[in-house]
Structure formats: C-alpha cells, structure tokens
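A quick write-up on the structure given underneath.
The values are calculated or read from the model by the stated rules, or taken from the named source; none is laboratory data. Here the structure is a predicted model, which means the values were calculated and not measured. Note: ideal-geometry Cβ built from the backbone for every residue, glycine included; neighbour counts use all protein chains shown. To get the accessible areas, we keep the full protein, side chains included, count just its heavy atoms, and leave off ligands, DNA and RNA. Shrake-Rupley method; radii C 1.70, N 1.55, O 1.52, S 1.80 Å.
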Amino acid sequence: MPVDEAKLWGVWGQANGLYSSWAASKNINYYLLFVLYALEGQEAMTQKKICTCTWLTKQTVNSVIRSLKENGYVELAPGREDRREKQIILTEKGIAYSHELLAPLRELERRALRIMGSDRVRQMVEYMTLFNTVLEEEMEKDIYRTDTGIGL
C-alpha cells in the first residue's frame, strides 16, 4: 500500500498548527513557546544548545532570548568551559512566567497522552524517531551527492 504523503504532511502540519494556535491564544510567539520549553527546568543553556534541541535557527533563538532578557525573564552568564559562550538562565521572574504559561499546556499534553495510552505513545515516539533518523540520513546522502556533483 503506497504511503499517503499528503496525509503525513497534514498530520505533521496539524500538530504544528495546534501549538501555533495555542501560543497565539496566549498572545505569545510560537518560537517563544519552544525556547521556554527548552529552558524550563534547566539550570542554564547556551544559545547553541537551544538551537539544537528546538531546531530553531540561531537568528530566531537570538531574537527570542533578546526579548526575554529585555523583559527580565533571563540573564546571561559567562560559559563554564568557554567564557565567551553565554549561558542563558531563567530569572525568578522568568521561572514564574514560564511555569504560568507552560503548566496549562503541559497538562493538556498529559491528558492527551493518557487518553492515547502508554503503548501508543511509546510507538509514536519510536516511529517518529525512526522517521527522523531515516530522513536525516537521506538528507545527508542528498547533500553529499550535491556537494560532489553526483546526480547532477
């Protein structure tokens, strides 16, 4: 049976749309939501680490961090290993803001996951991990072919 790519993209887009709509309903930026998700519960993170775990661009993360800093939600400290690299730390105000904002969303997610059941959630994670791994490998092959002129 052939894969219905439109259905895959529809489901993927719906999940992104749900988070985007939720963020908009709270009058926040979609990107802010994911940066706060990354920072919440962490002692400190670098911008590079936030980019890695959210898959947001450096420019986007930098913009969000700058806004959070201007509002007193984060502070920057020298890196532990490389003092030029800044550690981003939620302030007390930032912790309260993040918790107030994210706690209701996390509860919605927990309810949805509970309804789905642990077996389905485990399978979903396994399949998404597999899809992402295979897609990344195929993209790397494609980049290699493009960089070497193979397939042109």
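Any residue at all in segment 80-101 that's open to solvent by less than 70 Å² (accessible area, probe 1.4 Å), under 24 Å from residue 131 (Cα atoms) and in contact (Cβ under 8 Å) with a residue 24 or more places away in the chain? Even if it seems obvious, please write down each step before you answer.
Our first condition is that a residue be open to solvent by less than 70 Å² (accessible area, probe 1.4 Å); within segment 80-101, this holds for 82, 87-91, 94, 96-98, 101.
From what's left, under 24 Å from residue 131 (Cα atoms): none.
No, segment 80-101 has no match at all.
Report whether or not residue 73 is within 28 Å of residue 39 (Cβ to Cβ), in contact with a Lys or Arg (Cβ under 8 Å, 6 or more places away or on another chain), surrounded by 14 or more Cβ atoms within 10 Å (Cβ to Cβ) and among the hydroxyl-bearing types (Ser, Thr, Tyr). Answer is yes for this residue.
Just checking: which of the helices (runs of 4 or more DSSP H) contained wholly in segment 51-152 hold 3 or more residues that are over 20 Å from the mean Cα position of the chain (by Cα) and either polar (S, T, N, Q) or within 20 Å of residue 16 (Cβ to Cβ) (or both)? Walk me through it before giving the result.
Values: elements: 58-70, 92-116, 118-148.
Ranges flagged: 118-148.
Answer with yes or no whether residue 46 is surrounded by 15 or more Cβ atoms within 10 Å (Cβ to Cβ) and touching a Lys or Arg at 6+ places or on another chain (Cβ under 8 Å). Yes: the conditions hold for residue 46. Summed over segment 1-41, the residues that are farther than 14 Å from residue 68 by Cα, open to solvent by 80 Å² or more (accessible area, probe 1.4 Å) and in contact (Cβ under 8 Å) with a residue 24 or more places away in the chain give a count of 1.
Quick one: in segment 51-62, which of the residues that are more than 22 Å from residue 104 (Cα to Cα) and in contact (Cβ under 8 Å) with a residue 12 or more places away in the chain is surrounded by the fewest Cβ atoms within 10 Å (Cβ to Cβ)?
First, pick out the residues of segment 51-62 that are more than 22 Å from residue 104 (Cα to Cα): 51-52, 55-62.
If we keep only those that are in contact (Cβ under 8 Å) with a residue 12 or more places away in the chain too, we end up with 56, 60-62.
Details: 56: 20, 60: 19, 61: 24, 62: 14.
The selected residue is 62.
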